[in-house]
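Here's the structure we're looking at; comments come further down.
FYI, it's all coordinate maths here, none of it is from the lab. All of these numbers come straight from a predicted model, not from anything done at the bench. FYI the Cβ positions are ideal-geometry reconstructions off the backbone, even for glycines, and counts take in every protein chain you see.
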Amino acid sequence: MILLNPGPVNLSDRVRQALLHPDLCHREKEFSQLQEDIRERLLKVYNLDPQIWTAVLLTGSGTAAVEAMISSLIPENGKLLVIENGVYGERISRMAQIHDIKAIALHHSWVEAIDLDALRQYLDQNRDLTHVAIIHHETTTGRLNSIAQIATICQEYQLKILVDTVSSFGAETIDFEGWQITACAATANKCLHGVPGTSFVILRSEALVSGYQRSLYLDLNTYHQQQEKGATPFTQSVQTFYALAEALQELEDEGGQQSRYQLYCDRINLVRSGLKNIGIKPLLPDNCSSVVLNAFYLPENLIYDTFHDHLKTNGYIIYSGQGDLAPSIFRISTMGAIPQNALERLITVIFQGLS
Ligand SMILES: *Cc1c(COP(=O)(O)O)cnc(C)c1O
C-alpha cells in the first residue's frame, strides 16, 4: 500500500529493519549513545550550532512535542499570540487554554494567507505579548506560511517565536538563525521518514524556563536536564529510536534536507501537472504551497469515500479534508519511501476513478 497521507509514511527497508535491533533497557549506556546520536543528528539536519541549540527527544506523536514546547517555554507571566489559519494553529490555542497560559489568537479562515498588516496592528494593540506561535506548514490545506515575513515583524516587537514544524522538518527550508526562531517542534514519522512514536523539540538552550512547571510528563526542562546527562526521565520508545537514528542516517546518505526538498519538489510537480491534465484543480496556488502536501478539489459529483475506496483498492491511501473542507477536497502527501513510478501510476488510477 502506498501511503499518501501526511504521516505515518511508508518506511524504507533499512528503517524497517532497524526496528529489529535486539532488546535494550533504557537505563543502559547503549541507550544513552543511541539517544545522544539522534540528538546530534537532529541538529545537523539544519546545521545548527550545538553551543546554541539543543534537541529534546520525547516519546509521543507530533502533538506531544508541540504541547511540550507550548507548555514549557512560556513563563508564568508570559503571554502568547497564536496565529491560526488551520486545524493545527487552532490546536495550539486549545493547548494554551488547557494549560492556563495567557493567550490571544490572530484568527484566519483555513484558506487564508496570514494577514501581515493585521498582525502588525494586533502587535501594536497588545504590547504585553512575549511569545508567538505559528505553524510552518499548515497541513490542513498544504499552505507554507511565510515565516520569514512574519518573523521579521515579530522581531521588531521582540517576541519569541515558537514554530510547529511537524510537517516540514527535514524537507522544507527552516532558517533558524535568519528567522530568529526560539524553538520548533517536530516528529520522526513525517518528512524524516521514521516510525511514529518519537517526537522532538529543538530549541535555544537559553530558552529553557526553570522553576515553573505546567506538566509532569511534557516538561522540556526535565527531559533536557536528564538527556544532557545521557539519561531519560521516563521510558522511551526504544525501537522507534533505532528507526529514527537509521532514518536520519538515510537522510544524510541521500544528501540531506536540500536533497529531500528536491525529491518532494519533483514528486509534487508530477502530481500537480498530472492532475491538472485530467482537470483536477489545486485548492491553493503553487507558489504558497508546500512541497510536502497539496490539497485538490474533488471533481464535481464525486463523493470522497467512493474516490478513496477506488484508490485503496488500487493500492493508494489518500487523505480527506478536515472540517468544512471535507466534502470538497482531498489531500496528497509526498512523504516517505515511495517508489518512483508509483506517482505516475497514481494519476492513471485517479483518472480511471473519474469515470
Ligand atoms: C501531523 C501534524 C501535527 C500532529 O501530529 P500527530 O503526530 O498526529 O500528533 C501537528 N502539526 C502539524 C502541522 C501536523 O502536520
Where does the Debye-calculated log10 I(q)/I(0) of the chain sit at q = 0.11, 0.12, 0.14 Å⁻¹, using only Cα point scatterers of equal weight, no solvent? -0.74, -0.88, -1.16
When we measure straight from the Cα of residue 276, which aspartates and glutamates land under 17 angstrom away, once same-chain ones fewer than 8 places off are left out? 266, 286, 300, 344
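Using +1 on the beta carbon of Lys and Arg, -1 on that of Asp and Glu, and nothing else charged, what's the dipole of the range 56-156 about the Cα centre, debye to 20?
140 debye
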For the range 41-176, build the charge dipole from Cβ charges (+1 Lys, Arg; -1 Asp, Glu) around the Cα centre, then report which of 154, 65, 103 sits farthest towards its positive end. 65
Footprinting exposure proxy for 44, 312, 190, 160 (fewest neighbouring C-beta atoms within 10 Å first): 312, 44, 160, 190
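Please work out the ratio of the alpha-carbon Rg of the range 219-324 to 2.2 N^0.38 Å and round it to two decimals.
Rounded to two decimals, the normalised Rg is 1.55.
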Which of the pairs 102/160; 44/229; 79/190; 29/229 have their Cα atoms more than 23 Å apart in this structure? 79/190
Once you have all Cα-Cα distances for the range 40-182, histogram them in 5 Å bins from zero and send the whole-percent values. 2, 9, 21, 23, 23, 14, 7, 1, 0
Please identify, among 40, 112, 177, the residue showing maximal mean-square fluctuation in a Gaussian network model of the chain using a 10 angstrom Cα cutoff. 177
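I need the calculated FRET efficiency for the pair residue 36 and residue 254, taking r as the beta carbon distance and R₀ as 22 Å, to the nearest 0.05.
It comes out at approximately 0.45.
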Taking the number of other C-beta atoms within 10 Å as the exposure measure, put 325, 24 in order starting with the fewest. 24, 325
Quick one: if you stick a label point 7 Å off each Cα along the C-beta vector at residue 306 and residue 345, how many nm between them? 2.5 nm
Among 329, 2, which comes first, then next, by fewest other beta-carbon atoms within 10 Å? 2, 329
Roughly speaking, what is the stretch gain from residue 180 to residue 288, that is 0.36 nm per residue apart minus the C-alpha to C-alpha distance, in nm to one decimal? 36.7 nm
